[in-house]
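Asker: Encoded as C-alpha cells, here's the structure I'll be asking about.
The values are calculated or read from the model by the stated rules, or taken from the named source; none is laboratory data. From a predicted model like this one, the values you see are computed outputs, not experimental measurements. Reconstructed Cβ throughout: ideal geometry from the backbone, glycine too, with neighbour counts over all protein chains shown. Accessible surface areas use protein heavy atoms only, side chains included; no ligands, DNA or RNA. Shrake-Rupley method; radii C 1.70, N 1.55, O 1.52, S 1.80 Å.
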Amino acid sequence: MRSAAVPNLVDGVSPASTALLDVEGMKCGGCVRSVERTLLDQPGVQEASVNLVTRSAWLSFDGDTDCDLDSVIEALAARGFKAQPRQTHVFGSSVETDQSWGWWQQWRQLIVALVLLVLSVVGHLAQAGSVSFPPLGSLPFHAGLATAALIGPGRPILVAGWRSARLGTPTMDTLVSLGVGSAYLASLVALVWPEVGWPCFFNEPVMLLGFVLLGRFLEERARRRTGRALQDLAALQPDVARLLMDDDTIREVSVSALRPGERVQLLAGDRVPVDGIVREGHSAVDLSSLTGEPLPLDASPGSELSSGSLNLEATLVLEVQRIGRETALARIIDLVEQAQARKAPIQGLADRVAGQFCYAVVSFAFLTFLFWWQIGCRLWPQVLDVPVALMDHGHAHGLHGSLGAGAETPLGLALQLAIAVLVVACPCALGLATPTVITVSSGLAAKQGWLFRGGDVIELAASVKRMVFDKTGTLTLGRPLVDSVLASLDPAQTLQLAASLEQTSRHPLAHALLQEAQRLQLPLLPVDSSRTIPGSGMEGHLQGLNGLLRVGSPEWLRDQGVFWSDQQQQTVDQALERGQSLVAVALADHPLGLVTIDDRLRPDASMALQRLRAQGQSVAMLSGDRRQAVERVGQELGFMGADMAWQLLPHQKLERLELWRKQSSVAMVGDGINDAPALAAADLGIAVGTGTQIAQDTADLVLLGDRLEAVPEALCLAKRTMAKIRQNLFWAFGYNLIALPIAAGVLLPGYGLLLSPPLAALLMASSSVSVVLNALSLRLR
C-alpha cells in the first residue's frame with residue numbers, strides 16, 4: 001500500500017540556529033536596508049534576510065556565539081522598528097494574525113485625509129467663484145486644513161521620517177516628510193510674512209498626504225493578497241476534533257487539547273486535524289491540498305494520514321501521532337515562511353540601490369532647487385511665464401497658488417520642482433520588486449506540494465541547465481514488483497505456490513510475490529514447514545501439496561538437481577540480460593516456472609523527462625544498481641550512453657557531479673540515504689517527497705507526493721518567477737530614471753511640461769501598486 005502521509009518535515013531547520021521575527025514599520029527598500037544592517041551588527045547574528053512584503057526578518061545565528069534575541073529586538077526598536085518573534089501557529093484556532101486594529105487605523109487615516117482633500121478642492125472652487133461661500137476659499141481655511149492634515153493622518157509619516165533621518169537611515173517617510181514639510185513651511189512663511197512674495201502652497205500637503213495614504217492603502221491591500229496561498233494552507237487545519245473516549249462516546253474538543261496516543265473519529269467530509277495512523281475503517285482521502293496528488297488515497301488500517309487532508313467517503317478512526325507545530329502541515333507553513341524571508345540574489349542590487357536611494361534623492365532635490373533658483377531661470381526666463389503646467393490643471397489665485405501652476409519667482413519654481421523630486425521618487429517599488437514575486441511564487445508552490453527553501457533556491461532553479469536523476473526510487477517506484485511469470489504451464493498456480501511458501505519471509509522479493517498474489521486474489525496455502533537458505537531461497541512443504549517446494553535463484557535450484565530445458569534456460573538468459581531479478585519455482589525436481597521481478601518505472605517518468613528536454617534541459621542518470629538494470633531503464637527513457645553511470649558508490653556520484661558542474665549548473669534529484677551527499681553537493685538538490693528524511697533535509701527543493709512531473713512544473717514556475725522579478729526591477733528602475741528628471745524640470749524649458757507634486761505623489765503610489773499587481777499576475781496561469 002502506498003504511504004498516505006506527507007513526509008515528516010519536522011526535523012528541518014533547527015530552531016536553535018534560526019529565528020523568524022515579525023517587524024513593523026518598514027515602508028520601503030531603505031527600511032529593509034536599515035533593518036538588515038541593524039541585525040547584522042548584533043553579536044552572534046551570522047546572516048539576516050528581511051522581506052518587505054511579509055514584514056519579516058529571518059536570522060541565522062553563529063553556533064559559537066551566544067545571542068540574546070531580546071537584545072536584537074531592542075536594537076530594532078531603537079531604530080523605530082517594533083519587532084517580536086513569529087508566534088507559534090495556534091492550530092485549533094485561526095492561524096492568521098489578528099491585525100484588525102492596524103487595518104482599521106490605516107483605513108481611518110485614509111478617510112480623514114480624503115475628507116480634508118475634498119474640503120481643499122471645495123475651497124479652491126469657492127476661491128474661483130464656482131462655490132458661493134467665500135470663507136472656504138480664504139488662506140486661513142486652507143492653512144487650517146494643511147495643519148489638520150499634518151497633525152492627523154500625516155503625523156505618523158512625519159514622526160517616522162524624522163526618526164529615520166536622525167538615525168542616518170532615511171526612508172520613504174523621510175522623502176514624503178521633506179516634501180510635505182517644505183511646502184507647509186514655505187506657505188506658512190508666505191502667510192505670516194507676505195513681503196517675501198512667495199505663493200502659498202497649503203493645498204499641497206493635503207493633496208500629497210491624501211495620495212500617499214491612498215497608494216499605501218491599495219499597496220497594503222494588494223500585498224495581503226500575495227500571502228493568500230499561505231493563509232489557505234493554514235485554513236486546512238480544523239479547529240475542533242471528535243475525540244473517541246474509552247467508553248466509545250464522542251466528545252468534541254479543541255485540536256490543541258489532543259495528545260499523542262488518543263483516538264479521533266473522522267466523518268466523511270472532515271479534515272484530518274492531526275498527523276496519525278488509521279486504526280479502523282476504509283475510506284478515500286484527498287491529499288491534493290498538501291501534495292498536489294490528483295487521485296485520492298485508499299486509506300485503511302495502518303495508513304498514515306497528515307493533518308489538512310480530506311476524508312471523502314466513510315468514517316475512520318485515527319490514532320494521534322503528532323499535534324500542533326509537530327504536524328507536517330505546520331512544518332510546511334514554517335518552511336514556506338522561511339522561504340519567503342530568504343532573499344533571491346537578484347534582490348541584492350535593488351536593496352543596495354534602495355539603501356542609498358534616499359540620500360541620492362535628497363541630494364538631487366537640493367541640486368534641483370539650487371539650479372532653478374540661481375541658474376535655470378536666468379537661462380530660460382520664459383519658464384516663469386508658463387501659465388499652467390501641461391501635466392496639471394491647477395490655477396494660481398493671488399497668493400494661494402498650486403505647485404502645478406506657473407511660478408512667478410525663481411525661488412517659487414525652484415521650491416516646487418524640488419518638492420516634486422522628493423515626492424515622485426519611489427524606493428518602495430525597488431524594495432517590493434523581488435519579495436512580492438517570491439511570496440506569491442512560494443505560496444503557489446506550497447499549494448502544489450513543492451517546498452522551495454528560499455528565494456535563492458527559486459532563482460537557482462530557474463538557471464539550472466542539467467538535471468541528474470537517481471534511478472531507484474526516483475525514476476522507478478523503488479520497490480520490487482512482479483513483472484511476469486515465464487516458462488510455466490499454469491502461471492497463477494506457480495505464483496500462488498511461491499507466495500504461499502514466502503509468506504513468512506521478510507525479503508523484498510517475497511513481499512513482491514505476496515503483493516501480486518493479493519492483487520490477483522490468490523488464496524495462500526498453509527505452510528507445514530519451511531527453511532531459509534541465506535543468499536539462495538526457501539524450501540518447505542505446504543498443506544495438501546506432495547513434495548518439497550523450492551523458491552529461489554535459478555542457479556540454486558540447478559544445484560539442487562532441478563534441470564531446465566534448453567528453452568527454459570534461454571528464457572532465463574534473456575531475462576538476466578534485461579536486468580530483471582528472477583525467482584525460480586520447482587516442486588521436487590520438476591521446474592514449475594520463473595517469476596520475473598522488477599522495479600517498475602514511475603508512470604510519469606517518461607513524460608517528466610520529455611518536458612525537461614523540451615525546456616532545454618540536459619538529463620542524466622546515476623545509479624548504484626547493476627549495469628543491465630540501468631541500461632534497460634536508460635533505453636526506455638531515452639538516455640544517451642554518456643549520460644548514464646552504474647554501480648556507483650556515494651563518493652563516485654559526487655565525482656561525476658563535480659565533473660558536470662564545471663560545465664554548467666547541475667540539479668540532483670534523489671530520494672535515498674545514499675543520495676544525501678549528492679543532493680548537498682549539487683547546485684540544486686531536489687528530494688522527492690516519498691524519500692528518506694535525510695534526503696529531504698539536505699535538499700533545496702522538496703517535492704511532496706509521487707508525481708515526478710512536479711520536477712519540470714516546479715522549474716517552470718521558477719522561470720516564470722524570475723521573469724516577473726526582472727519585469728518588476730525593470731519597471732522600478734525605469735520609473736525612477738524617467739520620473740526624477742521630469743520632476744526636476746528637464747522638459748520645462750523646451751516643452752513647458754511641469755510635473756506637479758500631487759501628480760508626482762499619484763505616480764509614486766501607482767508605481768508601488770503596479771509592482772504588487774504584476775506579482776499577483778503570476779497566479780493567473
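Asker: Right, Ala714: in contact (Cβ under 8 Å) with a residue 60 or more places away in the chain, in a helix (DSSP H, G or I), open to solvent by less than 50 Å² (accessible area, probe 1.4 Å) and more than 17 Å from Val361 (Cα to Cα) or not?
Answerer: Details: in contact (Cβ under 8 Å) with a residue 60 or more places away in the chain: yes; in a helix (DSSP H, G or I): yes; open to solvent by less than 50 Å² (accessible area, probe 1.4 Å): yes; more than 17 Å from Val361 (Cα to Cα): yes.
Against the criterion (in contact (Cβ under 8 Å) with a residue 60 or more places away in the chain, in a helix (DSSP H, G or I), open to solvent by less than 50 Å² (accessible area, probe 1.4 Å) and more than 17 Å from Val361 (Cα to Cα)), Ala714 qualifies.
Asker: Going residue by residue through the range 718-739, is there one that turns out to be of a type in the set (Lys, Arg) and farther than 17 Å from Leu430 by Cβ? Steps first, answer last, please.
Answerer: So the first thing to find is which residues in the range 718-739 are of a type in the set (Lys, Arg), and the list is 719-720, 724, 726.
Now drop any that are not farther than 17 Å from Leu430 by Cβ, which leaves 719-720.
Yes: one or more hits.
Asker: Tell me the residue from Ala350, Ala365 that is open to solvent by less than 10 Å² (accessible area, probe 1.4 Å), part of a helix (DSSP H, G or I), at pLDDT below 75 and not aromatic (Phe, Trp, Tyr), please. Spell out how you get there, then give the answer.
Answerer: Values: Ala365 fails: at pLDDT below 75.
Every option except Ala350 fails the conditions.
Matching residues to (1) at pLDDT 85 or above; (2) in contact with a His (Cβ under 8 Å, 6 or more places away or on another chain); (3) part of a loop (DSSP other than H, G, I, E, B); (4) within 22 Å of Leu384 (Cα to Cα):
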residue	(1), (2), (3), (4)
Val159	yes, no, no, no
Trp162	yes, no, no, no
Leu188	yes, no, no, no
Glu195	no, no, no, yes
Leu208	no, no, no, no
Val212	no, no, no, no
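Asker: For Leu39, are the conditions met, namely being modelled with pLDDT of 85 or more and open to solvent by less than 70 Å² (accessible area, probe 1.4 Å)? Show your work before the answer.
Answerer: Values: modelled with pLDDT of 85 or more: yes; open to solvent by less than 70 Å² (accessible area, probe 1.4 Å): yes.
For Leu39, the condition - modelled with pLDDT of 85 or more and open to solvent by less than 70 Å² (accessible area, probe 1.4 Å) - is met.
Asker: Return a yes/no flag: does the range 536-547 have any residue that is at pLDDT below 85 and either in a loop (DSSP other than H, G, I, E, B) or under 55 Å from the mean Cα position of the chain (by Cα) (or both). Give the derivation first.
Answerer: Of the residues in the range 536-547, the ones at pLDDT below 85 are 536.
Then drop every residue that is not either in a loop (DSSP other than H, G, I, E, B) or under 55 Å from the mean Cα position of the chain (by Cα) (or both), which leaves 536.
Scanning the range 536-547 turns up at least one residue that is at pLDDT below 85 and either in a loop (DSSP other than H, G, I, E, B) or under 55 Å from the mean Cα position of the chain (by Cα) (or both).
Asker: Is it the case, given these coordinates, that Asp559 is over 20 Å from Met668 (Cβ atoms) and at pLDDT 85 or above? Show your work before the answer.
Answerer: Details: over 20 Å from Met668 (Cβ atoms): yes; at pLDDT 85 or above: yes.
Taking the combined requirement at face value, the residue satisfies it.
Asker: Also: Against the condition surrounded by 20 or more Cβ atoms within 10 Å (Cβ to Cβ), modelled with pLDDT under 80 and more than 30 Å from Glu319 (Cα to Cα), how does Glu219 come out, does it pass?
Answerer: On the way: surrounded by 20 or more Cβ atoms within 10 Å (Cβ to Cβ): yes; modelled with pLDDT under 80: yes; more than 30 Å from Glu319 (Cα to Cα): yes.
Yes.
Asker: Related question: For the list (1) surrounded by fewer than 19 Cβ atoms within 10 Å (Cβ to Cβ); (2) farther than 19 Å from Arg707 by Cβ; (3) not basic (Lys, Arg), I need the number of the one condition that Ser288 fails.
Answerer: (2)
Yes or no, residue by residue, for (1) touching a helix residue (DSSP H, G or I) at 6+ places or on another chain (Cβ under 7 Å); (2) open to solvent by 70 Å² or more (accessible area, probe 1.4 Å); (3) not in a helix (DSSP H, G or I):
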| position | (1), (2), (3) |
| --- | --- |
| Gln567 | no, yes, no |
| Thr596 | yes, no, yes |
| Ala608 | yes, no, no |
| Gln635 | no, yes, no |
| Gln647 | yes, yes, yes |
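Asker: Now, a different point. How many residues does the range 527-550 hold that are farther than 30 Å from Gly478 by Cα and touching a helix residue (DSSP H, G or I) at 6+ places or on another chain (Cβ under 8 Å)?
Answerer: Within the range 527-550, the subset farther than 30 Å from Gly478 by Cα is 528-529, 541-548.
Imposing the further condition that a residue be touching a helix residue (DSSP H, G or I) at 6+ places or on another chain (Cβ under 8 Å) reduces the set to 542, 545.
Residues meeting the conditions: 2.
Asker: Follow-up question, since we're still on this one. Take the residues in the range 746-762 that are among the aliphatic types (A, V, I, L, M) and modelled with pLDDT of 80 or more; name whichever of them is least open to solvent (accessible area, probe 1.4 Å).
Answerer: First pass over the range 746-762, keeping only residues among the aliphatic types (A, V, I, L, M): 746-748, 753-755, 759-762.
Those left that are additionally modelled with pLDDT of 80 or more: 746-748, 753.
Values: Val746: 95, Leu747: 47, Leu748: 7, Leu753: 34 Å².
Top of the filtered list is Leu748.
Asker: Quick check on my filter: what residues within the range 727-781 are of a type outside the set (S, T, N, Q), closer than 29 Å to Lys447 by Cβ and without any contact (Cβ under 8 Å) to a residue 60 or more places away in the chain? Lay out the reasoning, then the answer.
Answerer: We begin by selecting, within the range 727-781, every residue of a type outside the set (S, T, N, Q); these are 729-735, 737-755, 757-765, 769, 771-773, 775-776, 778-781.
Now restrict to residues that are closer than 29 Å to Lys447 by Cβ: 729-732, 769, 771-773, 775-776, 778-781.
Hits for the range 727-781 are Phe730, Leu780.
Asker: For Gln727, only one of the following conditions fails: (1) out of contact with any Ser or Thr (no Cβ under 8 Å at 6 or more places or on another chain); (2) modelled with pLDDT under 90. What is its number?
Answerer: Failing condition for Gln727: (2).
Asker: Considering only helices (runs of 4 or more DSSP H) fully contained in the range 404-517, which possess at least 1 residues that are under 30 Å from Phe217 (Cα atoms) and out of contact with any helix residue (DSSP H, G or I) (no Cβ under 8 Å at 6 or more places or on another chain)?
Answerer: On the way: elements: 410-424, 427-432, 435-448, 455-463, 491-501.
Per the criteria, 455-463.
Asker: Would you check if Leu522 is in contact (Cβ under 8 Å) with a residue 12 or more places away in the chain and either under 50 Å from the mean Cα position of the chain (by Cα) or not in a loop (DSSP other than H, G, I, E, B) (or both)? Reasoning before the result, please.
Answerer: On the way: in contact (Cβ under 8 Å) with a residue 12 or more places away in the chain: yes; either under 50 Å from the mean Cα position of the chain (by Cα) or not in a loop (DSSP other than H, G, I, E, B) (or both): yes.
So Leu522 passes the test.
Asker: Can you pull out every residue in the range 661-715 that is acidic (Asp, Glu) and modelled with pLDDT under 80?
Answerer: Of all residues in the range 661-715, those acidic (Asp, Glu) come to 671, 675, 683, 697, 700, 706, 709, 713.
Correct list: Asp671, Asp675, Asp697, Asp706.
Asker: Okay, next question. May I ask you to list the residues in the range 257-289 that are polar (S, T, N, Q) and outside any strand (DSSP E or B)?
Answerer: Filtering the range 257-289 down to residues polar (S, T, N, Q) leaves 265, 283, 288-289.
Those that are polar (S, T, N, Q) and outside any strand (DSSP E or B): Ser288, Ser289.
Asker: Between a first residue in the range 525-551 that is under 11 Å from Ser500 (Cβ atoms) and a second residue that is of a type in the set (Asp, Glu) and surrounded by fewer than 17 Cβ atoms within 10 Å (Cβ to Cβ), which pairs have beta carbons less than 6 Å apart while being 6 or more apart in sequence or on different chains?
Answerer: His541/Asp528; Gln543/Asp528
Asker: Okay, moving on. Which ones in the range 103-137 are among the aromatic types (Phe, Trp, Tyr) and either more than 24 Å from Gly152 (Cα to Cα) or modelled with pLDDT under 80 (or both)? Talk me through it step by step, then tell me what you get.
Answerer: Looking only at the range 103-137, we keep the residues that are among the aromatic types (Phe, Trp, Tyr), and these are 103-104, 107, 133.
Hits for the range 103-137 are Trp103, Trp104, Phe133.
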